[in-house]
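The values are calculated or read from the model by the stated rules, or taken from the named source; none is laboratory data. Computed from a predicted structure; not experimentally measured. Heads up, the Cβs are rebuilt from the backbone with ideal geometry, glycines too, and the neighbour counts pull from every protein chain shown. The protein model used for the area step is the full one, side chains on, heavy atoms only, and it has no ligands, DNA or RNA in it. Shrake-Rupley method; radii C 1.70, N 1.55, O 1.52, S 1.80 Å.
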Amino acid sequence: MINKTFQGSLQVREFETRSEMGEAAAQSVILTIKNLLEEKDYVNMVFASAPSQNEFLTGLVAAEDVDWSRINAFHMDEYIGLASKHPQTFANFLREKLFNLLPFNHVYYINGNNENPLGECERYTELLKMKSIDIVCMGIGENNHIAFNDPHVANFSDSQLVKIVDLDDDSRQQQVNDGCFASIGEVPTHALTLTIPALMNADYIYCIVPGKNKARAIFHTLKDDISTRYPSTVLRTHPNATLFIDKDSASLL
C-alpha cells in the first residue's frame, strides 16, 4: 500500500498496482463478512457489475474460509430490455465472475426484462426492505455515477430505493471504453438502479476504482464539493466507507 488517508469520513487506500488493490479490497470485505457472521445468521450484500471489479471479485472467490451459504446477494443495477441471455447484462457478468462460483444462500436478481419496469422497482424495493443491506461493494463511473445514478438523475434524498433512469452519453460511452460494447449505439438507453439512499443505507461500503480512465472521477470524488454534480462525493459522508484506488486512478490527486 502506498498510503492511507481520509477525506471526510471516507477512508482512502492507495496501492501501487491494480492487483494489489483488488486483493486488499477482497481481504477487507472478507474480514467484515466474518465479523458480521459472528453476530448474525445471514449477511446481505450488494455487488457492482463492471470490469473494474474483476481483481476484487477474483479475491473473493479465492477465499477459503468464508461461509457463503449464509450470505444473500443483490446486484445494484441492470439494463432495461437487454435480452436475458445477452452476455452484457449485469446479471450475467456477476454469474460468471461470482454468483456461479460460490454457494450463496440466495441471489436476488433485478429483472431488466420485466414487462412492467415500475413493478420490478417495487418488487426489488420490497426485497431490500426485507433484507437490510450490510455491505455494498461498488465502483465509480467515469462521470462520477454510483450504480446508475448519473449526475442528471442523482438524488441524495431520493424517496425511492430502486428507480428507472435514462443513461447519459458519458455513462453509455464508458461501457464502450470498458470493452463491454462495440459502439455507443449498442448500449441500452435506460436501466433500473438502486438509488443513492439505497446504497448509503448499507452499514459498510467498499468502493473499488482502478485505472487511468477513472483518475478524473477520483479527483472529483475527493476534491470537489459534495453535490449531485459528482454523485460519488456523497461517499465522504458515510461513516464506514473505504475507497480502494491504484496508482493510475490516483494520478491526478
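Go through (1) touching a residue at least 12 places away in the same chain (Cβ under 8 Å); (2) open to solvent by 70 Å² or more (accessible area, probe 1.4 Å); (3) under 20 Å from the mean Cα position of the chain (by Cα) for THR32 and report which single condition fails.
So the condition that THR32 fails would be (2).
Residues that are among the small types (Gly, Ala, Ser) and either over 28 Å from ALA215 (Cα atoms) or without any contact (Cβ under 8 Å) to a residue 12 or more places away in the chain (or both): does segment 65-75 have at least one?
yes
For segment 227-238, give me each residue that is surrounded by fewer than 17 Cβ atoms within 10 Å (Cβ to Cβ) and of a type in the set (Val, Ile, Thr).
THR237
How many residues does segment 1-29 contain that are part of a strand (DSSP E or B) and exposed (fewer than 13 other Cβ atoms within 10 Å of the Cβ)?
Total satisfying the criteria: 4.
Take ARG216 and decide whether it is crowded, with 17+ Cβ neighbours inside 10 Å, among the basic types (Lys, Arg) and either in contact (Cβ under 8 Å) with a residue 60 or more places away in the chain or touching an Asp or Glu at 6+ places or on another chain (Cβ under 9 Å) (or both). Don't jump to the end; show me each part of the working.
Values: crowded, with 17+ Cβ neighbours inside 10 Å: no; among the basic types (Lys, Arg): yes; either in contact (Cβ under 8 Å) with a residue 60 or more places away in the chain or touching an Asp or Glu at 6+ places or on another chain (Cβ under 9 Å) (or both): yes.
Here the answer is no, as ARG216 does not meet what is asked.
Limited to segment 66-87, what total is found for residues that are within 20 Å of the chain's Cα centre (by Cα) and of a type outside the set (Val, Ile, Thr)?
11
Looking only at residues that are assigned to a loop (DSSP other than H, G, I, E, B) and without any contact (Cβ under 8 Å) to a residue 40 or more places away in the chain in segment 162-185, which one is least open to solvent (accessible area, probe 1.4 Å)?
The residue in question is LEU167.
Check whether at least one residue in segment 108-116 is more than 20 Å from PRO231 (Cβ to Cβ), at pLDDT below 95 and polar (S, T, N, Q), and report yes or no.
Yes, because at least one residue in segment 108-116 is more than 20 Å from PRO231 (Cβ to Cβ), at pLDDT below 95 and polar (S, T, N, Q).
Given the criteria in contact with a helix residue (DSSP H, G or I) (Cβ under 8 Å, 6 or more places away or on another chain), aromatic (Phe, Trp, Tyr), touching a residue at least 60 places away in the same chain (Cβ under 8 Å) and part of a strand (DSSP E or B), does PHE244 qualify?
Working: in contact with a helix residue (DSSP H, G or I) (Cβ under 8 Å, 6 or more places away or on another chain): yes; aromatic (Phe, Trp, Tyr): yes; touching a residue at least 60 places away in the same chain (Cβ under 8 Å): yes; part of a strand (DSSP E or B): yes.
For PHE244, the condition - in contact with a helix residue (DSSP H, G or I) (Cβ under 8 Å, 6 or more places away or on another chain), aromatic (Phe, Trp, Tyr), touching a residue at least 60 places away in the same chain (Cβ under 8 Å) and part of a strand (DSSP E or B) - is met.
Considering segment 214-236 alone, what residues qualify as being within 17 Å of the chain's Cα centre (by Cα) and in a helix (DSSP H, G or I)?
Matches in segment 214-236: LYS214, ALA217, ILE218, THR221, PRO231, SER232, THR233, VAL234, LEU235, ARG236.
Please go through segment 1-49 and pick out each residue that is among the aromatic types (Phe, Trp, Tyr) and under 24 Å from ALA73 (Cβ atoms).
Selection gives TYR42, PHE47.
For segment 191-199, does any single residue satisfy the condition of being farther than 14 Å from CYS137 by Cβ, outside any helix (DSSP H, G or I) and open to solvent by 50 Å² or more (accessible area, probe 1.4 Å)?
no
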